[in-house]
Amino acid sequence: MAKRKIIEKGYEPGNIEKKWYDYWLEKKYFHADDSSDKPPYSIVIPPPNVTGSLHMGHALNNTLQDVLIRYKRMDGFNTLWMPGTDHAGIATQHVVEKKLKEEGTDRHELGREKFIERVWKWKEQYGGFIINQLKRLGASCDWDRERFTMDEGLSSAVREVFVRLYNEGLIYRGNYIINWCPVCRTALSDLEVEYSEKKGALYHIRYPFADDPSKGVVVATTRPETMLGDTAVAVNPNDERYEALKGKTVILPLMDREIPVIMDDYVDMEFGTGCLKITPAHDPNDFEIGLRFNLEMINIMNVDGTINENGGKYQGLDRFEARKKVLDDLERQGLLIKVEDYNHSVGHCYRCRSVVEPYLSKQWFVKTKPLAEEAIKAVRDGRIRIIPSMWENSYFSWMENIRDWCISRQIWWGHRIPIWYCKDCGEIIAATKVPQNCAKCSSQNLEQETDVLDTWFSSALWPFSTLGWPEETDALKTFYPTSCLITGFDILFFWVARMIMMGLKFRGDVPFREVYIHALVRDAQGQKMSKSKGNVIDPLLMIDKYGTDAFRFTLVALAAQGRDVKISEERIEGYRHFVNKLWNASRFVLMNIDLDNNDFDFKRAGECLSLETIDKWIYAELKKLIKTVRNALDAYRFNDAASAIYQFLWHQYCDWFIELAKTDLMKSDIDEERKDSIRFVLVDILEKTLRLLHPFMPFVTEEIWHFLPNHGESITIAPFPKEDDVKYAMESVSEIEELKALINGVRNVRGEMNISPASRIDLIINFFDEIHLNRVKSYEGYIEALCRTKSIKFGVGMNKPKQSAVAVSHFFEAYIPLEGLIDIDEEKKRLLKQKAKLEKDRATSSKKLANEKFLANAPSDVIEKEKGKLEKVEKEIKRIENHLNMFEA
């Protein structure tokens, strides 16, 4: 794209963003090369649900990935950012079923095949929304490789993994307690159950002894309806209260079934009465006890949460209706002894929010312990590094206590389990392709398993299935293991741990070298965003309003390791000002190099440099910046990198170097060589800084870069700056820092004393030694311009004039005579009035903090806030007193 010379007055992101994104795609800058000699760097995107739309979590996650990919691409790596979406079994089926309901039909009426066709149709029509939104965010994925977890290639990988695990005995089918959602009517993994504290009750129920119904034991339970499936009562063998119960049996109330009293160490003697009802089919702990004691397992519930035929007269009632009826009947029979208020943790379905039931069901499972052992070792021996490291303990704790993974789901949308049952001999056949006949009896009367696999089963293969496995592709050889994974802590176990297990099992190597765990995005007050609270910030609205660059930079600037991202629209607006600052600074530079008139030869200026100390100082600052940014990005300290660039551009470059350069350029006696050198440095520093900033703000940097003299067709593929690129840095920058300290000191005093910006001042600078005097005096022109002086006196041991404001540093005192500059009497009145108000505030705060009742009852943050307020008031009073003293001296 040809260089352009005219830059608009204001930056309008909308059209510019689309123009450059289309350009990048057209040029295929995001495309990875399977056979490149460059070192590979690869990331797989955490595939968003095909039903999804961009939210703040996606925005943060994908911005951080894009920062890394753009940085590595510029730094000479063969980068692959693998994009794609997840078929999201339950979520997608729910959306399509809702649509069918509106049409007056349902999936059962359509039949499985027709229903799956409808889901695919929905996916083709609506499933790409989030991909287009990621493009709006500037995501530089290799879109030519976009994958979907139900693609044929990925489906082939899923079948291959299932069959291999089954043949090795690592997948089995069995009766097991699983989490069951009666609304979605499917099993849920432990991680798909969300727990919340609920107000409930603890019901004390008497179970009569079989040999003497007038006596009995009292059990305490939060779920009385499940007693219909009780097959024992348990007590702790160490509980002296119940020693006499050994060998006894009790009558199960309402069901008149005789059940044994058993002794098991699991029973908590402190909970309730110390007697525990055992319902193996409806409680995971009871299930384990049932296995130990060979107890009958009675399922009393249908898949929709109603009571089945095993529930006697309660059959057909909803589970919560059954609870009421059971309690009424117990009370009528005098068996409900008491009811206590009790808060307890209740599991809910992550999708529909209904209460989850522990449910005995025939399901498919993966034996995870053998797989977890290798996955634990991979982190312990450093083959995988988790950042921040605090998440390693969570990982180890979960992996060391891992339970078998229930992988079957009773829905239709998803990877159908590749198992066939022989209807004649009962043989079970696992196969990657549809078998033609039974391997045992040759019958062709085969029926495929109706369940589908848990969505996380296919996404666990994502790092290698997306690269073509089970084929040994060039992409797989080049980019596996991937370099890093960026994800939220909420799917560390859902997804990350399972990818590690599967990668080690099927590739013999870890799926990624590093895992960076980012925190949650919260509102400005630190609350989780939710529609019910009305505090959700829509990323696309922010992009439309403030531009993608400002939005991205805000996320990165706030993404400190281990801390939640507290975001607000005001912060995004603040970084939009930063975009404007950069744009305006670039306009100044471009106006001064005047490319339209061809009076500046950038290359020639670089060959004939006439550099002054200020030029060497800004190069030294740039050199430090490059080192800081590189180190920060390599250590996933994204916010440190963003902050360093912000501080350099806004303060060092714009506030100081440009202002100092302006002073030189305005000199009437400046020679052309020096003038060109200043212009060269202005451009050179800007161009290198744009390259540093590009991974964070891709659009505005590309736009400005094309106005500058540079070599290349896009900043996207321009080299990321290295320290060695900076050739003109000073060894020491102390004299420029001293100059800045002097100018800042004088400017601060001007502001504090309400001296009009238009007024020129007399300035007397008293140095403490000749060395500093000689060093700073040589910059008199800069001091005159930036402090707006009409006269300057330099000296050592000079006296302070009467009624002078003072700026003090470790090497000077600067005096500004105030007479004639301000109305001293009016200023004194203003300061005294301000002081009187502050003294009232001080008295109020002091009184509060001396009040013992306030200190005893107020929250700690309120007390700290009051202390801070008092401290601030006292500092302000001291400042005013210092100013008043200046008038008297």
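The values are calculated or read from the model by the stated rules, or taken from the named source; none is laboratory data. All values derive from a computational prediction rather than experimental measurement. Backbone-built Cβ (ideal geometry, glycine too); neighbour counts: all protein chains shown. Heads up: the accessible areas ignore ligands, DNA and RNA and are worked out on the full protein's heavy atoms, side chains in. Shrake-Rupley method; radii C 1.70, N 1.55, O 1.52, S 1.80 Å.
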Please list, ordered by first then second residue, the pairs with beta carbon atoms under 6 Å, 6 or more apart or interchain, first in the range 191-217 and closer than 30 Å to residue 350 by Cβ and touching a residue at least 12 places away in the same chain (Cβ under 8 Å), second of a type in the set (Asp, Glu) and assigned to a strand (DSSP E or B).
202/340
Residues of the range 331-350 satisfying the condition of being among the hydrophobic types (A, V, I, L, M, F, W, C) and either part of a loop (DSSP other than H, G, I, E, B) or open to solvent by 40 Å² or more (accessible area, probe 1.4 Å) (or both):
335, 337, 339
Can residue 559 be described as in contact with a Cys (Cβ under 9 Å, 6 or more places away or on another chain), surrounded by 21 or more Cβ atoms within 10 Å (Cβ to Cβ) and hydrophobic (A, V, I, L, M, F, W, C)?
no
For strands (runs of 3 or more DSSP E) lying entirely in the range 739-819, having 2 or more residues that are within 51 Å of the chain's Cα centre (by Cα) picks out 804-808, 812-817
Could you please tell me which pairs satisfy a Cβ distance under 7 Å, a separation of 6+ or placement on different chains, a first residue in the range 469-486 that is β-branched (Val, Ile, Thr), and a second residue that is outside any strand (DSSP E or B) and open to solvent by 20 Å² or more (accessible area, probe 1.4 Å)?
478/34
If the Cβ limit is 8 Å and pairs must be 6+ apart or interchain, which residue in the range 567-589 that is more than 20 Å from residue 9 (Cα to Cα) pairs with which residue that is in a loop (DSSP other than H, G, I, E, B) and open to solvent by 40 Å² or more (accessible area, probe 1.4 Å)?
567/524; 568/524; 570/524; 571/524
Set 250, 183: member being β-branched (Val, Ile, Thr) and at pLDDT below 95
183
Can you tell which of 274, 312, 290, 247 is on the phi > 0 side of the Ramachandran plot and crowded, with 17+ Cβ neighbours inside 10 Å?
274
Residue identified as of a type in the set (Phe, Trp, Tyr), touching a Gly at 6+ places or on another chain (Cβ under 7 Å), modelled with pLDDT of 95 or more and farther than 30 Å from residue 703 by Cα among 162, 148
148
Just to verify a result, which residue in the range 758-779, among those that are polar (S, T, N, Q) and touching a residue at least 12 places away in the same chain (Cβ under 8 Å), is surrounded by the fewest Cβ atoms within 10 Å (Cβ to Cβ)?
759
Could you count how many residues in the range 250-271 are within 45 Å of the chain's Cα centre (by Cα) and open to solvent by less than 50 Å² (accessible area, probe 1.4 Å)?
2
Out of the residues in the range 498-526 that are within 15 Å of residue 385 (Cα to Cα) and either among the β-branched types (Val, Ile, Thr) or part of a loop (DSSP other than H, G, I, E, B) (or both), which is most open to solvent (accessible area, probe 1.4 Å)?
509
Taking the range 844-861 only, how many residues are assigned to a helix (DSSP H, G or I) and open to solvent by 60 Å² or more (accessible area, probe 1.4 Å)?
11
For the subset of the range 432-479 comprising residues that are open to solvent by less than 10 Å² (accessible area, probe 1.4 Å) and part of a strand (DSSP E or B), which member is farthest from residue 45 (Cα to Cα)?
452
Residue pairs qualifying under the 9 Å Cβ cut-off, at least six apart or on distinct chains, with the first in the range 5-34 being closer than 23 Å to residue 474 by Cα and in contact (Cβ under 8 Å) with a residue 60 or more places away in the chain and the second being in a loop (DSSP other than H, G, I, E, B) and aliphatic (A, V, I, L, M), are 30/139
Within the range 72-126, take every residue that is among the hydrophobic types (A, V, I, L, M, F, W, C) and not in a helix (DSSP H, G or I) and give me the one that is surrounded by the most Cβ atoms within 10 Å (Cβ to Cβ).
80
Here is a list: 487, 482. Which entry is farther than 27 Å from residue 195 by Cα and not small (Gly, Ala, Ser)?
482
Do we find a residue being open to solvent by 20 Å² or more (accessible area, probe 1.4 Å), at pLDDT 95 or above and not acidic (Asp, Glu) anywhere in the range 58-65?
no
Right, residue 709: in contact with a Gly (Cβ under 8 Å, 6 or more places away or on another chain), touching a residue at least 40 places away in the same chain (Cβ under 8 Å) and closer than 30 Å to residue 69 by Cα or not?
no
Would you mind telling me which numbered condition in (1) at pLDDT 95 or above; (2) of a type in the set (Val, Ile, Thr); (3) open to solvent by less than 10 Å² (accessible area, probe 1.4 Å) residue 746 fails?
(1)
Does any residue in the range 658-675 that is farther than 23 Å from residue 648 by Cα come within less than 7 Å, Cβ to Cβ, of a residue that is part of a loop (DSSP other than H, G, I, E, B) six or more places away or on a different chain, and which pairs are these?
673/608; 673/610; 674/610
One residue is enough: does the range 624-640 have a residue meeting the conditions touching a helix residue (DSSP H, G or I) at 6+ places or on another chain (Cβ under 8 Å), modelled with pLDDT of 95 or more, closer than 23 Å to residue 13 by Cβ and surrounded by 20 or more Cβ atoms within 10 Å (Cβ to Cβ)?
yes
